[in-house]
Amino acid sequence: MPKLRISIVQYLNTAPLVRGFTHGSLQGKYDLSFTVPAQCADDLRAGKADIAIIPAIEYQRIPNLTILPDLAVASKEKVRSLLLISKKPIAEVQSIALDTSSRSTQALTRILCATHWHIFPEFTEAAPNLDKMLHDSDAALLIGDPALRVAVALEPSTVLDVDGPVACLASAIGIRNAEALYVYDIVEEWRKATNFPAVLAVWAARTEIVTTEIADEFISSLEFGKSQLDQICEEASSELALPINEVDHYLRANIDYSLDEENRKGLLAYYSHAYRLQLIEKLNPIHIAARTGTAARHMDFAWANPGTT
């Protein structure tokens, strides 16, 4: 039998999830590829992958998927790697450049604009070049490791203002057309708006290949990753040129890898908002696979999406 193909987001926050496949006892069992979140979803949609870490919004856009249990890339309060960076206070923003690597956070940003900030800017997509994005737009959505680097660089010069956090030294990160930057953590803003955590990505698989054994192996990979956090932080600090304490705090405090009850409620709220804003065509039921000792879960949206199955 050919190896199952796994498409993996090549960001720091996925390292613990896949550690068992890259360094542990499951090394060599699966065919691994690494790319940005949007491409992971496209690979799964096109049949180029059997299992993928996909932006959470894409579960509602790709048919015939099952979510692997008890696993996610989520954040309870503040994430630091999903940033809306603006030359103006958010209430004055009229244009936003959205990182093309993103799908879930693009949707989160549109939801926050409509329901939390009550603004209706022009949205464009752009490659994650912050200087160019802010040259062309009032604000920029940046995700992943590039956003984390910006957060770490700006935090020492950040002061609080009535309009939100203001990073006073735009020049410190090479931004030439602004003196100060207003920086909004997308998860922090989502939490303010809904009182829910944000589920940003999930392990999703083609339903016909999902087994309890596969679910157990993916959970085992994360458990191995958690046991290897010190090594992961050392490697990532060197590779990303970030202080090891910042990497450690990010993986241990900012990222949550569970799909616990609170995160599932946050996911339901996210999908409901996305449906109301027509960011997804309909609310498809959520299927979460079984693992050893835990039955499969099924969450139905019939209450919110009448006339569909």
**Message:** Please compute, for the alpha-carbon atoms of region 1-88, the extent along each of the three principal axes and give them in descending order in Å.
**Reply:** 55, 30, 23
**Request:** Of the DSSP beta bridges with both residues in region 53-165, give the percent that are antiparallel, rounding to the nearest 5.
**Result:** 45
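Starting from the Kirkwood Rh over alpha-carbon pairs, what translational D in µm² s⁻¹ does region 88-244 have by Stokes-Einstein at 4 °C and 1.567 mPa s?
73
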**Prompt:** Roughly how much of TYR30 is accessible, in Å² to the nearest 10, using a 1.4 Å probe?
**Reply:** 20
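Output the Kirkwood hydrodynamic radius of region 158-269, Cα pairs only, in Å rounded to one decimal.
One decimal place: 17.5 Å for the Kirkwood radius.
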**Prompt:** Looking at region 169-233, which chymotrypsin sites (Phe, Trp or Tyr not before Pro) are in a loop (DSSP not H, G, I, E or B) and have at most 11 other Cβ atoms within 10 Å?
**Reply:** none
**Message:** Given 4 °C and 1.567 mPa s, compute D for region 65-106 with the Stokes-Einstein relation, Rh being the Kirkwood radius over Cα pairs; round to the nearest whole µm²/s.
**Reply:** 97
**Complete:** Per the charge dipole of region 189-239 (beta-carbon charges, Lys/Arg positive, Asp/Glu negative, Cα centre), the residue among SER237, THR211, ALA198 reaching farthest to the positive end is ALA198
**Request:** Might you work out the accessible area of LYS29 for me, using a 1.4 Å probe with all protein chains in place, and round it to the nearest 10 Å²?
**Result:** 90
**Asked** Where both partners of a DSSP beta bridge lie in the chain, what percent of those bridges are antiparallel, to the nearest 5?
**Response** 65
**For the chain, radius of gyration divided by Kirkwood radius, i.e. Rg to Rh on alpha-carbons** = 0.96
**Message:** Please compute, for the alpha-carbon atoms of region 23-146, the extent along each of the three principal axes and give them in descending order in Å.
**Reply:** 51, 29, 28
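The values are calculated or read from the model by the stated rules, or taken from the named source; none is laboratory data. Here the structure is a predicted model, which means the values were calculated and not measured. Because the Cβ atoms are built from the backbone with ideal geometry, glycine has one as well, and the counts that use them run over all protein chains shown. Calculation scope for accessible area: heavy atoms of the full protein, side chains included, ligands and nucleic acids excluded. Shrake-Rupley method; radii C 1.70, N 1.55, O 1.52, S 1.80 Å.
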